[in-house]
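Since the structure comes first, as structure tokens, the remarks are kept for the end.
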Amino acid sequence: MHPDHTPEQPSTENRPAGRPTEAPPVERRIGRHRAPEPPRRGARAALASTPARIALAGGVTCCLGLVAFAGTHRVDREPRPVQEVLAERAADEQRASRSLQRAASPLAVPVTPVPASPRPPAARSAAPKPKKPARPARPRPVAGLTQLQMDNAAVIVEVGVDLGVPRRGLVVAVATAMQESDLHNLASDVLPESYDHPHQGSGSDHDSVGLFQQRPSSGWGTVAQLMRPAYAARAFYSALAEIPGWRELSVTDAAQAVQISAYPDAYARHEVRATTVVDALT
């Protein structure tokens, strides 16, 4: 027995020669007690045929070959430099945007201008107030006065104007200072401390000091206060306002009512000059 033959295989050596071998019945090829398999139809029948299987295997092989070629194929072309690409792109854009010969648009679309939103009105700056003409630093002297005398007269008038004193009261004050100190801010020989303050001369009438020769001992103020022309003028106007009916009095009587001088009629001679000075300063 041949080694490849199994015990179940029937031996053909004992068959008589010249007798054809009969094919086993269908039932024995497909198994015992089973019905024969119905013939195949449709797509499954087509695929079951040998030519169809050969064609399908060839198509699958081609597809796999293309995929392998696409995955393994390498382009040996080197990439272009970035500068060259950018330069070429810029040249294209320049030719497209700056060319004077441009093709007309195939379809003209009307553009409606959008009205600009109105701007809010600019805030108006407040109109500058008209400035009063500035007075000269030092008024020009009149009525035969020196510059120093005119400066002192200007202080007396300015204080009176700030206090609301009427014009006649200004004349009374200037005439009084003309008589008492000749419009000089005087120290006193009796009060040595008066020389510690700015002064324009000296007097010796008791302890009288300043433009109006007011006495500290009589309650007009301290030496330091009375040596300031503005304070001395304010003290005079305050005392004048306490005189009943001073507006109806003469310049001499009004001045005497305040000063209580030993020479009551001496103020009258200064009225005309004092009026000229007041007119020049107001």
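The values are calculated or read from the model by the stated rules, or taken from the named source; none is laboratory data. Keep in mind that this is a model prediction, so the values were computed, not measured. Note: ideal-geometry Cβ built from the backbone for every residue, glycine included; neighbour counts use all protein chains shown. Just so you know, the surface numbers come from the protein's heavy atoms only, side chains and all, with ligands and any DNA or RNA stripped out. Shrake-Rupley method; radii C 1.70, N 1.55, O 1.52, S 1.80 Å.
Please compute the Kirkwood hydrodynamic radius of the stretch 194-257 from all pairs of different C-alpha atoms, in Å with one decimal. Could the numbers behind the result be given before it?
Values: mean 1/r = 0.0791 Å⁻¹.
Hydrodynamic radius (Kirkwood, Cα pairs) of the stretch 194-257 is 12.6 Å.
Please give the peptides 198-205, 184-191, 145-152 ranked by average Cβ packing (other Cβ atoms within 10 Å per residue), highest first, as a rough proxy for protection. Each step should come with its number before you reach the end.
Numbers: 198-205: 14.1, 184-191: 20.4, 145-152: 17.2.
Sorting 198-205, 184-191, 145-152 by mean packing, highest first, produces 184-191, 145-152, 198-205.
Residues with beta-carbon under 13 Å from that of SER218, excluding SER218: net charge, scoring Lys, Arg +1 and Asp, Glu -1?
Values: positive: ARG215; negative: ASP205, ASP207.
Taking every other residue near SER218 into account, the sum is -1.
Could you check how much of the accessible area of the stretch 140-282 is carbon and sulfur, as a whole percent, using a 1.4 Å probe?
Values: 3480 of 6720 Å².
C and S atoms contribute 52 percent here.
Quick one: net charge around SER250, please, counting Lys, Arg +1 and Asp, Glu -1 for every other residue with C-beta under 13 Å from its C-beta.
On the way: positive: ARG168, ARG247, ARG269; negative: GLU248, ASP253, ASP265, GLU271.
The answer is -1.
Place a label point 7 angstrom from the Cα of ASP196 along the Cα-to-Cβ direction, then list the residues of the stretch 226-247 whose backbone nitrogen is under 15 Å away.
Residues 226-228 fall inside that zone.
Could you put ILE260, ILE156, ILE243 in order of accessible surface area, largest first, with the 1.4 Å probe and the full protein assembly present?
Values: ILE260 125, ILE156 0, ILE243 35 Å².
Result of the area sort, largest leading: ILE260, ILE243, ILE156.
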